[in-house]
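Undergrad: Below you'll find the structure I mean.
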Amino acid sequence: MFRNALSLLVAVLATGPIAASAAHAGPVIRTDAGAVEGRASGPVEAFLGLPYAAPPVGELRWRAPRPVAAWQGRRDATRFGPACYQGVPRPWGPYSAEFLAGEPLSEDCLTLNVWKPAGTGAKRPVLVFIHGGGFGGGAGNLPVYEGAALAARGVVVVTINYRVGVFGFMAHPGLTAEDPRGTSGNYGRLDQIAALQWVQRNAARCGGDPRNVTVAGESAGAASVNYLQVSPLARGLFAKAVSFSGASMAVGLPALAEGERAGTALAQRLGAASLADLRRVSAADLVEATRYVPTVGASAPPPLQWVPRLDNVVIAADPNRPDAPRAVRVPLLTGFNAAEMIDPSVRTPADLERVLRARYGAFADRLLALYPHASDAEAQAANVLIARDRYMSGLVLWAEGRPQGARDRVWLYRHDHPYPPVPGAPSFGAFHSSHLAYVFGNLGLGGRQFGEADRRVVPQWQDRLLAFMRSGDPSLPGSAWPSATRAPGQVMAIGEAGALSAAVSTPERFAAFRAYAAQAGRLGLI
(Lines give C-alpha, C1' and ligand atoms only; values in the text may rest on other atoms or scores of the structure.)
Protein backbone atom coordinates (compact mmCIF):
# COMPACT_ATOMS: atom_id res chain seq x y z
CA MET A 1 0.00 0.00 0.00
CA PHE A 2 0.95 3.67 -0.20
CA ARG A 3 1.94 3.68 3.49
CA ASN A 4 4.53 0.93 2.85
CA ALA A 5 6.14 3.02 0.12
CA LEU A 6 6.31 5.93 2.54
CA SER A 7 7.97 3.75 5.18
CA LEU A 8 10.77 2.87 2.76
CA LEU A 9 11.19 6.50 1.87
CA VAL A 10 11.37 7.63 5.49
CA ALA A 11 14.23 5.20 6.09
CA VAL A 12 16.47 7.03 3.64
CA LEU A 13 15.40 10.64 4.18
CA ALA A 14 17.14 13.10 6.46
CA THR A 15 15.14 13.79 9.61
CA GLY A 16 15.29 17.60 9.48
CA PRO A 17 11.80 19.16 9.53
CA ILE A 18 12.38 21.70 6.80
CA ALA A 19 14.78 20.74 4.03
CA ALA A 20 13.89 17.70 1.93
CA SER A 21 16.65 15.49 0.55
CA ALA A 22 18.11 16.90 -2.63
CA ALA A 23 17.94 13.44 -4.17
CA HIS A 24 14.22 13.14 -3.55
CA ALA A 25 12.79 15.46 -6.24
CA GLY A 26 9.17 14.84 -5.35
CA PRO A 27 6.13 16.94 -6.29
CA VAL A 28 5.93 20.40 -4.76
CA ILE A 29 3.04 22.63 -3.73
CA ARG A 30 3.38 26.11 -2.31
CA THR A 31 1.15 26.59 0.72
CA ASP A 32 0.51 30.02 2.20
CA ALA A 33 3.26 29.31 4.79
CA GLY A 34 5.87 27.91 2.39
CA ALA A 35 6.69 25.21 -0.13
CA VAL A 36 6.33 21.52 0.70
CA GLU A 37 7.76 18.53 -1.13
CA GLY A 38 5.74 15.34 -1.09
CA ARG A 39 5.72 11.91 -2.64
CA ALA A 40 4.21 10.65 -5.90
CA SER A 41 2.76 7.15 -6.16
CA GLY A 42 1.20 6.33 -9.52
CA PRO A 43 -1.64 8.76 -10.23
CA VAL A 44 -1.60 10.32 -6.76
CA GLU A 45 0.59 12.80 -4.92
CA ALA A 46 0.69 12.87 -1.13
CA PHE A 47 1.77 15.75 1.12
CA LEU A 48 1.88 14.56 4.70
CA GLY A 49 2.34 16.19 8.09
CA LEU A 50 1.59 19.74 6.94
CA PRO A 51 1.28 22.14 9.89
CA TYR A 52 -1.93 24.17 9.86
CA ALA A 53 -1.37 25.93 13.22
CA ALA A 54 1.47 26.68 15.60
CA PRO A 55 2.41 23.91 18.07
CA PRO A 56 0.00 24.20 21.05
CA VAL A 57 2.74 23.69 23.63
CA GLY A 58 4.02 25.61 26.64
CA GLU A 59 2.06 28.84 26.97
CA LEU A 60 -0.09 27.83 23.97
CA ARG A 61 -1.46 24.73 25.73
CA TRP A 62 -5.22 25.28 26.18
CA ARG A 63 -5.37 28.27 23.88
CA ALA A 64 -7.06 28.74 20.52
CA PRO A 65 -4.79 27.67 17.64
CA ARG A 66 -2.34 30.33 16.47
CA PRO A 67 -1.04 30.84 12.91
CA VAL A 68 1.82 28.62 11.82
CA ALA A 69 5.19 30.28 11.30
CA ALA A 70 6.27 30.55 7.67
CA TRP A 71 9.42 28.75 6.50
CA GLN A 72 12.03 29.11 3.79
CA GLY A 73 12.96 26.43 1.30
CA ARG A 74 11.03 23.21 0.82
CA ARG A 75 9.58 21.43 3.81
CA ASP A 76 9.69 17.62 3.81
CA ALA A 77 6.10 16.39 3.48
CA THR A 78 6.74 12.68 2.95
CA ARG A 79 5.78 11.39 6.41
CA PHE A 80 2.90 11.77 8.80
CA GLY A 81 3.13 14.03 11.80
CA PRO A 82 2.72 12.50 15.27
CA ALA A 83 -0.69 11.77 16.69
CA CYS A 84 -1.96 14.23 19.28
CA TYR A 85 -1.02 13.17 22.79
CA GLN A 86 -3.30 10.47 24.24
CA GLY A 87 -3.28 7.10 25.90
CA VAL A 88 -2.29 4.58 23.22
CA PRO A 89 -5.00 1.94 22.76
CA ARG A 90 -4.32 -1.74 22.22
CA PRO A 91 -6.22 -3.90 19.73
CA TRP A 92 -9.51 -5.07 21.26
CA GLY A 93 -12.78 -6.59 20.15
CA PRO A 94 -13.09 -6.06 16.38
CA TYR A 95 -10.42 -3.35 16.28
CA SER A 96 -7.06 -4.32 14.88
CA ALA A 97 -4.19 -1.88 14.36
CA GLU A 98 -5.55 -0.24 11.20
CA PHE A 99 -8.30 1.39 13.29
CA LEU A 100 -6.09 2.61 16.17
CA ALA A 101 -3.73 5.53 16.69
CA GLY A 102 -0.17 4.70 17.69
CA GLU A 103 3.14 6.27 18.49
CA PRO A 104 4.78 8.68 17.99
CA LEU A 105 2.67 11.02 20.12
CA SER A 106 3.20 14.71 20.74
CA GLU A 107 1.43 17.86 21.82
CA ASP A 108 3.01 19.36 18.71
CA CYS A 109 0.50 17.63 16.48
CA LEU A 110 -1.62 20.15 14.58
CA THR A 111 -0.94 18.77 11.12
CA LEU A 112 -2.96 17.56 8.19
CA ASN A 113 -2.40 15.27 5.21
CA VAL A 114 -3.31 15.88 1.57
CA TRP A 115 -3.73 13.37 -1.24
CA LYS A 116 -4.41 14.78 -4.70
CA PRO A 117 -4.43 13.61 -8.31
CA ALA A 118 -0.98 14.04 -9.83
CA GLY A 119 -0.14 17.17 -11.76
CA THR A 120 -2.29 20.22 -12.26
CA GLY A 121 -5.83 20.45 -13.49
CA ALA A 122 -9.30 21.83 -12.93
CA LYS A 123 -10.40 22.61 -9.41
CA ARG A 124 -11.61 19.38 -7.88
CA PRO A 125 -13.99 18.62 -5.01
CA VAL A 126 -12.27 18.44 -1.62
CA LEU A 127 -13.05 15.99 1.18
CA VAL A 128 -11.89 16.95 4.68
CA PHE A 129 -12.16 13.97 7.04
CA ILE A 130 -12.32 14.33 10.85
CA HIS A 131 -11.31 11.18 12.74
CA GLY A 132 -13.23 9.52 15.55
CA GLY A 133 -12.01 8.27 18.90
CA GLY A 134 -14.53 9.44 21.51
CA PHE A 135 -12.80 12.85 21.61
CA GLY A 136 -10.09 11.13 23.64
CA GLY A 137 -8.01 9.49 20.92
CA GLY A 138 -7.51 8.83 17.24
CA ALA A 139 -5.45 10.50 14.52
CA GLY A 140 -5.62 11.47 10.87
CA ASN A 141 -2.88 9.02 9.89
CA LEU A 142 -4.67 5.71 10.57
CA PRO A 143 -4.16 3.17 7.77
CA VAL A 144 -7.90 2.85 7.25
CA TYR A 145 -8.10 6.60 6.44
CA GLU A 146 -5.33 6.64 3.84
CA GLY A 147 -6.60 8.84 1.02
CA ALA A 148 -4.70 7.66 -2.05
CA ALA A 149 -7.33 5.30 -3.49
CA LEU A 150 -10.11 7.87 -3.17
CA ALA A 151 -7.96 10.69 -4.53
CA ALA A 152 -7.17 8.54 -7.58
CA ARG A 153 -10.82 8.97 -8.51
CA GLY A 154 -10.38 12.69 -9.09
CA VAL A 155 -10.81 14.44 -5.75
CA VAL A 156 -8.57 15.99 -3.10
CA VAL A 157 -8.60 14.18 0.25
CA VAL A 158 -7.53 15.81 3.52
CA THR A 159 -7.26 14.14 6.92
CA ILE A 160 -6.50 16.12 10.06
CA ASN A 161 -5.23 15.85 13.61
CA TYR A 162 -6.88 17.83 16.39
CA ARG A 163 -6.25 17.98 20.12
CA VAL A 164 -8.04 15.24 22.05
CA GLY A 165 -8.79 14.36 25.65
CA VAL A 166 -7.72 16.76 28.35
CA PHE A 167 -5.55 18.70 25.87
CA GLY A 168 -8.44 19.39 23.53
CA PHE A 169 -11.40 19.68 25.82
CA MET A 170 -10.47 20.86 29.31
CA ALA A 171 -12.45 23.86 30.49
CA HIS A 172 -11.47 25.89 33.54
CA PRO A 173 -12.67 29.22 35.00
CA GLY A 174 -9.17 30.67 34.59
CA LEU A 175 -9.00 29.59 30.95
CA THR A 176 -12.43 31.11 30.33
CA ALA A 177 -11.31 34.39 31.93
CA GLU A 178 -8.16 34.68 29.82
CA ASP A 179 -9.95 33.94 26.53
CA PRO A 180 -11.07 37.05 24.60
CA ARG A 181 -14.38 35.36 23.72
CA GLY A 182 -15.03 34.19 27.27
CA THR A 183 -14.97 30.45 26.67
CA SER A 184 -12.78 27.39 27.23
CA GLY A 185 -12.79 23.65 26.68
CA ASN A 186 -13.40 23.53 22.93
CA TYR A 187 -9.79 23.66 21.73
CA GLY A 188 -10.11 20.52 19.62
CA ARG A 189 -13.14 22.06 17.95
CA LEU A 190 -11.20 25.25 17.26
CA ASP A 191 -8.43 23.10 15.76
CA GLN A 192 -10.92 21.59 13.33
CA ILE A 193 -12.09 25.06 12.32
CA ALA A 194 -8.47 26.18 11.85
CA ALA A 195 -7.83 23.15 9.61
CA LEU A 196 -10.87 24.05 7.49
CA GLN A 197 -9.60 27.62 7.25
CA TRP A 198 -6.26 26.23 6.03
CA VAL A 199 -8.16 24.30 3.36
CA GLN A 200 -9.95 27.46 2.25
CA ARG A 201 -6.61 29.25 1.88
CA ASN A 202 -4.77 26.37 0.23
CA ALA A 203 -7.29 24.19 -1.61
CA ALA A 204 -6.63 25.83 -4.97
CA ARG A 205 -2.88 25.36 -4.47
CA CYS A 206 -3.60 21.61 -4.12
CA GLY A 207 -5.81 21.42 -7.21
CA GLY A 208 -9.00 21.65 -5.15
CA ASP A 209 -12.01 23.96 -5.20
CA PRO A 210 -12.40 25.94 -1.95
CA ARG A 211 -16.04 26.53 -2.84
CA ASN A 212 -16.72 22.78 -3.00
CA VAL A 213 -15.44 21.39 0.29
CA THR A 214 -17.23 18.45 1.88
CA VAL A 215 -16.51 17.99 5.58
CA ALA A 216 -16.94 14.41 6.78
CA GLY A 217 -16.33 12.58 10.02
CA GLU A 218 -17.06 9.32 11.80
CA SER A 219 -18.18 8.78 15.41
CA ALA A 220 -16.62 11.68 17.36
CA GLY A 221 -15.75 13.05 13.93
CA ALA A 222 -19.42 12.81 12.96
CA ALA A 223 -20.38 14.65 16.14
CA SER A 224 -17.78 17.24 15.15
CA VAL A 225 -19.45 17.65 11.75
CA ASN A 226 -22.75 18.14 13.56
CA TYR A 227 -21.19 20.75 15.85
CA LEU A 228 -19.72 22.58 12.86
CA GLN A 229 -23.20 23.05 11.44
CA VAL A 230 -24.30 24.95 14.57
CA SER A 231 -21.08 26.98 14.95
CA PRO A 232 -21.06 30.58 13.72
CA LEU A 233 -17.27 30.26 13.43
CA ALA A 234 -17.67 27.66 10.65
CA ARG A 235 -19.66 29.79 8.22
CA GLY A 236 -18.24 29.69 4.72
CA LEU A 237 -15.83 26.82 5.41
CA PHE A 238 -17.67 23.95 3.71
CA ALA A 239 -20.47 23.33 1.22
CA LYS A 240 -21.57 19.77 2.10
CA ALA A 241 -21.42 17.50 5.14
CA VAL A 242 -21.23 13.76 5.86
CA SER A 243 -21.81 12.35 9.35
CA PHE A 244 -20.80 8.69 9.40
CA SER A 245 -22.32 7.19 12.55
CA GLY A 246 -23.89 9.76 12.58
CA ALA A 247 -26.57 12.37 13.26
CA SER A 248 -29.05 11.80 16.11
CA MET A 249 -26.33 10.25 18.25
CA ALA A 250 -28.06 11.32 21.50
CA VAL A 251 -24.66 11.91 23.09
CA GLY A 252 -24.89 14.56 25.78
CA LEU A 253 -23.46 18.03 25.19
CA PRO A 254 -22.50 19.33 28.64
CA ALA A 255 -22.57 23.01 29.47
CA LEU A 256 -19.42 25.07 29.84
CA ALA A 257 -19.98 25.44 33.60
CA GLU A 258 -19.88 21.66 34.05
CA GLY A 259 -16.58 21.50 32.18
CA GLU A 260 -15.16 24.28 34.33
CA ARG A 261 -16.00 22.28 37.45
CA ALA A 262 -14.23 19.22 36.02
CA GLY A 263 -11.18 21.32 35.15
CA THR A 264 -11.08 22.84 38.62
CA ALA A 265 -11.26 19.40 40.20
CA LEU A 266 -8.41 18.16 37.98
CA ALA A 267 -6.22 21.11 38.94
CA GLN A 268 -6.84 20.36 42.62
CA ARG A 269 -5.93 16.70 42.16
CA LEU A 270 -2.69 17.71 40.47
CA GLY A 271 -1.87 20.32 43.10
CA ALA A 272 -1.81 23.05 40.45
CA ALA A 273 -2.58 26.41 42.05
CA SER A 274 -2.50 28.40 38.79
CA LEU A 275 -2.81 28.03 35.03
CA ALA A 276 0.97 28.34 34.83
CA ASP A 277 1.25 25.32 37.13
CA LEU A 278 -1.20 23.37 34.98
CA ARG A 279 0.71 24.22 31.83
CA ARG A 280 3.89 22.87 33.41
CA VAL A 281 2.36 19.44 34.13
CA SER A 282 3.82 16.89 31.75
CA ALA A 283 1.65 15.47 28.99
CA ALA A 284 2.14 11.94 30.37
CA ASP A 285 0.99 13.03 33.84
CA LEU A 286 -2.09 14.71 32.41
CA VAL A 287 -3.04 11.55 30.51
CA GLU A 288 -2.52 9.43 33.62
CA ALA A 289 -4.54 11.82 35.81
CA THR A 290 -7.48 11.70 33.40
CA ARG A 291 -7.32 7.99 32.59
CA TYR A 292 -10.61 6.19 33.12
CA VAL A 293 -10.34 3.41 35.68
CA PRO A 294 -13.51 1.24 35.61
CA THR A 295 -15.02 0.04 38.85
CA VAL A 296 -15.15 -3.69 39.55
CA GLY A 297 -18.00 -5.28 37.64
CA ALA A 298 -18.73 -2.18 35.54
CA SER A 299 -20.54 -2.98 32.30
CA ALA A 300 -21.37 0.53 31.08
CA PRO A 301 -19.09 2.25 28.55
CA PRO A 302 -16.55 4.68 30.00
CA PRO A 303 -17.90 8.18 30.62
CA LEU A 304 -16.98 10.85 28.12
CA GLN A 305 -15.72 13.66 30.37
CA TRP A 306 -13.20 15.55 28.21
CA VAL A 307 -15.60 16.43 25.40
CA PRO A 308 -16.91 19.52 23.58
CA ARG A 309 -19.00 21.94 25.61
CA LEU A 310 -22.08 23.99 24.80
CA ASP A 311 -20.54 27.43 25.27
CA ASN A 312 -22.69 29.55 22.90
CA VAL A 313 -19.50 30.70 21.20
CA VAL A 314 -17.81 27.77 19.45
CA ILE A 315 -20.90 25.57 19.76
CA ALA A 316 -24.08 27.65 19.77
CA ALA A 317 -26.73 24.91 19.99
CA ASP A 318 -27.14 21.16 20.57
CA PRO A 319 -27.31 19.52 17.11
CA ASN A 320 -28.95 16.43 18.60
CA ARG A 321 -32.08 18.57 18.64
CA PRO A 322 -33.46 18.39 15.10
CA ASP A 323 -34.81 21.93 15.42
CA ALA A 324 -31.48 23.38 16.59
CA PRO A 325 -30.69 26.62 14.75
CA ARG A 326 -27.95 25.97 12.23
CA ALA A 327 -25.30 28.52 11.38
CA VAL A 328 -24.28 26.48 8.31
CA ARG A 329 -27.09 25.06 6.17
CA VAL A 330 -25.71 22.49 3.72
CA PRO A 331 -26.73 19.12 2.26
CA LEU A 332 -26.08 16.28 4.73
CA LEU A 333 -25.48 12.57 4.18
CA THR A 334 -25.72 10.55 7.38
CA GLY A 335 -26.47 7.11 8.79
CA PHE A 336 -25.21 4.15 10.77
CA ASN A 337 -23.79 0.65 10.39
CA ALA A 338 -25.93 -2.42 10.93
CA ALA A 339 -24.10 -3.69 14.03
CA GLU A 340 -22.97 -0.63 15.97
CA MET A 341 -22.67 -0.59 19.76
CA ILE A 342 -24.12 -4.04 20.43
CA ASP A 343 -24.18 -5.09 24.10
CA PRO A 344 -21.91 -8.18 24.19
CA SER A 345 -23.24 -9.34 27.56
CA VAL A 346 -26.49 -10.67 26.08
CA ARG A 347 -26.19 -14.42 25.60
CA THR A 348 -29.52 -15.74 26.93
CA PRO A 349 -33.18 -14.68 27.07
CA ALA A 350 -32.69 -13.69 30.69
CA ASP A 351 -29.76 -11.47 29.71
CA LEU A 352 -31.87 -9.73 27.08
CA GLU A 353 -34.71 -9.07 29.48
CA ARG A 354 -32.31 -7.74 32.10
CA VAL A 355 -30.60 -5.37 29.65
CA LEU A 356 -33.86 -4.09 28.16
CA ARG A 357 -35.48 -3.47 31.54
CA ALA A 358 -32.40 -1.56 32.69
CA ARG A 359 -32.50 0.66 29.60
CA TYR A 360 -36.21 1.02 28.84
CA GLY A 361 -37.87 0.49 32.21
CA ALA A 362 -41.56 -0.37 31.97
CA PHE A 363 -41.43 0.14 28.20
CA ALA A 364 -39.29 -2.99 27.88
CA ASP A 365 -42.37 -5.24 27.91
CA ARG A 366 -43.64 -3.71 24.67
CA LEU A 367 -40.29 -4.30 22.98
CA LEU A 368 -39.91 -7.84 24.31
CA ALA A 369 -43.31 -8.69 22.81
CA LEU A 370 -42.11 -7.57 19.37
CA TYR A 371 -38.79 -9.44 19.23
CA PRO A 372 -38.81 -13.25 19.60
CA HIS A 373 -36.24 -14.31 22.21
CA ALA A 374 -37.24 -17.74 23.52
CA SER A 375 -33.88 -19.39 22.85
CA ASP A 376 -30.29 -18.23 23.28
CA ALA A 377 -29.93 -17.83 19.51
CA GLU A 378 -33.15 -15.82 19.27
CA ALA A 379 -32.11 -13.63 22.21
CA GLN A 380 -28.73 -12.86 20.64
CA ALA A 381 -30.33 -12.02 17.28
CA ALA A 382 -32.95 -9.85 18.99
CA ASN A 383 -30.22 -8.03 20.89
CA VAL A 384 -28.55 -6.98 17.63
CA LEU A 385 -31.82 -6.08 15.93
CA ILE A 386 -33.21 -4.06 18.84
CA ALA A 387 -30.04 -1.97 19.00
CA ARG A 388 -30.13 -1.40 15.24
CA ASP A 389 -33.82 -0.52 15.25
CA ARG A 390 -33.25 1.86 18.18
CA TYR A 391 -30.64 4.05 16.53
CA MET A 392 -32.17 3.79 13.05
CA SER A 393 -35.52 4.90 14.52
CA GLY A 394 -33.73 7.79 16.19
CA LEU A 395 -32.10 8.71 12.88
CA VAL A 396 -35.42 8.73 10.98
CA LEU A 397 -37.21 10.72 13.70
CA TRP A 398 -34.34 13.21 13.83
CA ALA A 399 -34.52 13.68 10.06
CA GLU A 400 -38.30 14.10 10.24
CA GLY A 401 -37.92 16.90 12.75
CA ARG A 402 -35.09 18.72 10.99
CA PRO A 403 -36.28 21.60 8.79
CA GLN A 404 -35.07 20.92 5.26
CA GLY A 405 -35.06 23.06 2.16
CA ALA A 406 -33.60 22.82 -1.31
CA ARG A 407 -30.09 23.62 -0.06
CA ASP A 408 -29.97 21.49 3.10
CA ARG A 409 -31.66 18.20 2.34
CA VAL A 410 -30.71 15.02 4.23
CA TRP A 411 -29.91 11.57 2.82
CA LEU A 412 -29.93 8.54 5.11
CA TYR A 413 -27.98 5.27 4.81
CA ARG A 414 -27.40 1.99 6.61
CA HIS A 415 -24.17 0.10 5.96
CA ASP A 416 -25.06 -3.60 6.03
CA HIS A 417 -21.91 -5.31 4.76
CA PRO A 418 -20.01 -7.25 7.47
CA TYR A 419 -16.30 -6.58 7.82
CA PRO A 420 -14.12 -9.72 7.61
CA PRO A 421 -12.99 -10.90 11.06
CA VAL A 422 -9.42 -11.15 12.24
CA PRO A 423 -8.25 -14.74 11.61
CA GLY A 424 -9.25 -16.91 14.55
CA ALA A 425 -11.58 -14.26 16.01
CA PRO A 426 -15.39 -14.08 15.89
CA SER A 427 -17.22 -11.93 13.38
CA PHE A 428 -18.53 -8.60 14.64
CA GLY A 429 -20.51 -7.90 11.46
CA ALA A 430 -20.82 -4.32 10.25
CA PHE A 431 -19.38 -2.89 13.47
CA HIS A 432 -18.77 0.74 14.38
CA SER A 433 -16.36 2.37 11.86
CA SER A 434 -15.94 -0.79 9.75
CA HIS A 435 -17.44 0.88 6.67
CA LEU A 436 -14.50 3.30 6.41
CA ALA A 437 -12.28 0.73 4.71
CA TYR A 438 -14.81 0.69 1.86
CA VAL A 439 -15.28 4.48 1.78
CA PHE A 440 -11.54 5.05 1.44
CA GLY A 441 -10.95 1.91 -0.64
CA ASN A 442 -8.41 0.44 1.77
CA LEU A 443 -9.08 -3.29 1.75
CA GLY A 444 -6.55 -5.93 2.77
CA LEU A 445 -5.63 -4.50 6.19
CA GLY A 446 -5.35 -6.32 9.49
CA GLY A 447 -4.59 -9.77 8.06
CA ARG A 448 -8.29 -10.21 7.27
CA GLN A 449 -9.60 -12.19 4.31
CA PHE A 450 -11.28 -9.84 1.83
CA GLY A 451 -13.07 -11.21 -1.21
CA GLU A 452 -15.02 -10.17 -4.26
CA ALA A 453 -18.08 -9.24 -2.18
CA ASP A 454 -15.96 -6.73 -0.28
CA ARG A 455 -14.56 -5.29 -3.49
CA ARG A 456 -18.09 -4.74 -4.82
CA VAL A 457 -18.95 -2.56 -1.81
CA VAL A 458 -16.10 -0.09 -2.47
CA PRO A 459 -17.67 1.46 -5.61
CA GLN A 460 -21.08 1.45 -3.91
CA TRP A 461 -19.65 3.80 -1.31
CA GLN A 462 -17.25 5.76 -3.47
CA ASP A 463 -19.63 6.34 -6.40
CA ARG A 464 -22.29 7.66 -4.03
CA LEU A 465 -19.86 9.78 -2.04
CA LEU A 466 -18.26 11.28 -5.14
CA ALA A 467 -21.68 12.12 -6.60
CA PHE A 468 -22.60 13.85 -3.33
CA MET A 469 -19.32 15.78 -3.25
CA ARG A 470 -19.78 16.98 -6.82
CA SER A 471 -23.49 17.81 -6.86
CA GLY A 472 -24.87 17.66 -3.32
CA ASP A 473 -26.97 14.61 -4.22
CA PRO A 474 -25.75 10.97 -3.88
CA SER A 475 -28.07 9.67 -6.62
CA LEU A 476 -26.49 7.88 -9.58
CA PRO A 477 -27.75 7.43 -13.14
CA GLY A 478 -30.38 4.73 -13.00
CA SER A 479 -30.17 4.50 -9.19
CA ALA A 480 -31.94 7.33 -7.41
CA TRP A 481 -31.39 7.98 -3.73
CA PRO A 482 -34.27 10.17 -2.58
CA SER A 483 -33.78 12.52 0.36
CA ALA A 484 -35.37 11.84 3.73
CA THR A 485 -38.35 14.10 3.03
CA ARG A 486 -39.07 12.35 -0.28
CA ALA A 487 -38.74 8.81 1.07
CA PRO A 488 -39.91 8.87 4.71
CA GLY A 489 -38.59 5.95 6.75
CA GLN A 490 -36.34 4.75 3.90
CA VAL A 491 -32.55 4.51 3.83
CA MET A 492 -30.00 3.42 1.26
CA ALA A 493 -28.84 -0.04 2.32
CA ILE A 494 -25.20 -0.22 1.28
CA GLY A 495 -23.90 -3.77 0.96
CA GLU A 496 -25.26 -6.75 -0.86
CA ALA A 497 -28.61 -5.05 -1.58
CA GLY A 498 -27.36 -1.62 -2.60
CA ALA A 499 -30.92 -0.36 -2.74
CA LEU A 500 -33.51 1.55 -0.74
CA SER A 501 -34.74 -0.26 2.33
CA ALA A 502 -36.94 0.36 5.35
CA ALA A 503 -34.79 1.87 8.08
CA VAL A 504 -36.43 -0.23 10.81
CA SER A 505 -37.14 -3.95 10.58
CA THR A 506 -40.96 -3.71 10.81
CA PRO A 507 -43.53 -0.88 10.96
CA GLU A 508 -44.74 -2.17 14.35
CA ARG A 509 -41.28 -1.93 15.83
CA PHE A 510 -40.80 1.57 14.42
CA ALA A 511 -44.12 2.57 15.97
CA ALA A 512 -42.94 1.25 19.32
CA PHE A 513 -39.72 3.25 19.20
CA ARG A 514 -41.62 6.33 18.06
CA ALA A 515 -43.87 5.94 21.11
CA TYR A 516 -40.82 5.55 23.35
CA ALA A 517 -39.29 8.73 21.93
CA ALA A 518 -42.58 10.57 22.51
CA GLN A 519 -42.14 9.75 26.22
CA ALA A 520 -38.71 11.48 26.13
CA GLY A 521 -36.90 8.17 25.64
CA ARG A 522 -33.36 8.29 24.19
CA LEU A 523 -32.88 6.58 20.82
CA GLY A 524 -29.26 7.40 20.08
CA LEU A 525 -26.29 5.30 19.19
CA ILE A 526 -25.08 4.69 22.74
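The values are calculated or read from the model by the stated rules, or taken from the named source; none is laboratory data. None of these values were measured; they are calculated from a predicted model. All Cβ positions, even for glycine, are placed from backbone atoms using ideal geometry, and neighbour counts span all protein chains on display. Ligands, DNA and RNA are excluded from the accessible area calculation, which covers all protein heavy atoms including side chains. Shrake-Rupley method; radii C 1.70, N 1.55, O 1.52, S 1.80 Å.
Undergrad: Please name all residue pairs, on different chains or six or more residues apart, with Cβ atoms under 9 Å, provided the first residue is in region 37-54 and is free of Cβ contacts under 8 Å to residues at least 40 places away in the same chain and the second residue is assigned to a strand (DSSP E or B).
TA: ARG39/GLU45; ARG39/ALA46; ARG39/PHE47; ARG39/LEU48
Undergrad: Looking at ILE315, ILE386, can you tell me which residue is crowded, with 21+ Cβ neighbours inside 10 Å and out of contact with any Lys or Arg (no Cβ under 8 Å at 6 or more places or on another chain)?
TA: ILE386
Undergrad: Kindly provide the set of residues from region 325-354 that are under 22 Å from GLY236 (Cβ atoms) and either assigned to a loop (DSSP other than H, G, I, E, B) or basic (Lys, Arg) (or both), ordered by number.
TA: Matches in region 325-354: PRO325, ARG326, ALA327, VAL328, ARG329, VAL330, PRO331.
Undergrad: Residue check, GLY132 against (1) touching a Pro at 6+ places or on another chain (Cβ under 6 Å); (2) open to solvent by less than 30 Å² (accessible area, probe 1.4 Å), all met but one. Which one?
TA: (1)
Undergrad: Residues in region 172-189: is at least one surrounded by fewer than 24 Cβ atoms within 10 Å (Cβ to Cβ), among the hydroxyl-bearing types (Ser, Thr, Tyr) and either out of contact with any Lys or Arg (no Cβ under 8 Å at 6 or more places or on another chain) or touching a residue at least 60 places away in the same chain (Cβ under 8 Å) (or both)?
TA: yes
Undergrad: It is to be established whether one or more residues within region 473-486 are in contact with a strand residue (DSSP E or B) (Cβ under 7 Å, 6 or more places away or on another chain), part of a loop (DSSP other than H, G, I, E, B) and charged (D, E, K, R).
TA: no
Undergrad: Take region 480-501 and flag every residue that is crowded, with 17+ Cβ neighbours inside 10 Å, in contact with a helix residue (DSSP H, G or I) (Cβ under 8 Å, 6 or more places away or on another chain) and either closer than 30 Å to PRO420 by Cβ or among the charged types (D, E, K, R) (or both).
TA: Selection gives TRP481, VAL491, MET492, ILE494, GLY495, GLY498.
Undergrad: List the number of the failed condition for LEU466; all other conditions in (1) over 24 Å from ARG407 (Cα atoms); (2) touching a residue at least 24 places away in the same chain (Cβ under 8 Å); (3) touching a Gly at 6+ places or on another chain (Cβ under 8 Å) hold.
TA: Just one mismatch for LEU466, condition (1).
Undergrad: Another question, then. The conditions are (1) of a type outside the set (Val, Ile, Thr); (2) at pLDDT below 95; (3) open to solvent by less than 10 Å² (accessible area, probe 1.4 Å), and ARG3 fails exactly one of them. Which is it?
TA: The number of the failed condition is (3).
Undergrad: Of the residues ALA216, ALA247, which single one is within 23 Å of ALA467 (Cα to Cα), assigned to a strand (DSSP E or B) and open to solvent by less than 10 Å² (accessible area, probe 1.4 Å)?
TA: It is ALA216.
Undergrad: Further question: Does any residue in region 56-68 that is under 23 Å from VAL307 (Cβ atoms) come within less than 7 Å, Cβ to Cβ, of a residue that is at pLDDT below 95 and surrounded by fewer than 20 Cβ atoms within 10 Å (Cβ to Cβ) six or more places away or on a different chain, and which pairs are these?
TA: Filtered contacts from region 56-68: no entries.
Undergrad: Related question: When residues of region 502-526 are filtered for being surrounded by fewer than 19 Cβ atoms within 10 Å (Cβ to Cβ) and outside any loop (DSSP other than H, G, I, E, B), how many remain?
TA: Within region 502-526, residues that are surrounded by fewer than 19 Cβ atoms within 10 Å (Cβ to Cβ) and outside any loop (DSSP other than H, G, I, E, B) number 8.
Undergrad: Could you count how many residues in region 483-518 are in contact (Cβ under 8 Å) with a residue 60 or more places away in the chain and under 19 Å from PHE468 (Cα atoms)?
TA: Here the count works out to 9.
Undergrad: Here's something else I'd like to know. Filter region 325-365 down to the residues that are closer than 23 Å to PRO507 by Cβ and surrounded by fewer than 17 Cβ atoms within 10 Å (Cβ to Cβ) and list them by number.
TA: Within region 325-365, ARG359, ALA362, ASP365 meet the criteria.
Undergrad: Please determine whether any residue of region 419-429 is closer than 21 Å to ALA499 by Cα, touching a His at 6+ places or on another chain (Cβ under 7 Å) and either crowded, with 22+ Cβ neighbours inside 10 Å or not charged (D, E, K, R) (or both).
TA: No - not one qualifying residue is present in region 419-429.
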